[in-house]
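The structure appears right after this line, and notes come after that.
Quick note: the coordinates plus some simple rules give every number you see, no bench work behind them. What you see is a predicted model; the values in this text were computed from it and never measured. Cβ sites come from the backbone with ideal geometry, for glycine too, and all protein chains shown count toward neighbours.
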Amino acid sequence: MAHQEHHPHHHHHPPPPPPPPQKTQLSYQIVKTSTAATIGGSCMVLSGLTLAGTVIALVVATPLLVIFSPVLVPAAITVFLVTAGLVASGGFGVSSVSVFYWLYKYVRGQQPVGADKLDRARDKLTGKAMDVKERVAEQTGTRGTQG
């Protein structure tokens, strides 16, 4: 609306004020929301197409699977077991490496994530252990003779 049009009700158009900051925030929010909706919709369409393709592939492949099942079933079981073994060993390897890295940082005093929780739990446990030790000592009547 760069040029002035003559409407029967509006004879005078004041220039529009500059948009307030919350308006730009709102438009940014709208852009973010529409982007998310677009991506979500695309994912929905893709998942629908994938599902349709899978169903069609199953319908086509079922007779072949029935014919070749004496060979394919043991092969599939073997492949599944090998894959599961590799994935599990990889997962265990990654987690052990990350645990060792965490311990390394913890020992070096770099406060890795969760170190404060570990310290608190350790303090709680040592406190409980001391209480138990004292109670046992009270019951046996040998308070503080050993340790």
Simple spin-label estimate for VAL94 and LEU72 in nanometres, 7 Å along Cα-Cβ | 3.0 nm
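Can you tell me how much longer the chain between THR38 and LYS117 gets when fully stretched, taken as 0.36 nm per residue apart minus their C-alpha distance, in nm with one decimal?
Roughly 24.3 nm would be gained on extension.
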Shape of region 75-134 from its Cα gyration tensor (a ≥ b ≥ c, root eigenvalues): rounded if a/c is under 1.5, otherwise prolate when a/b > b/c, or oblate?
-> oblate
Nearest 0.05, what FRET efficiency do THR126 and TRP102 give at R0 = 25 Å with Cβ-Cβ as r?
-> 0.75
In bins 10 Å wide, starting from 0, what share of all Cα pairs of region 17-141 does each bin hold, as a percent?
-> 9, 12, 13, 18, 20, 15, 9, 3, 0
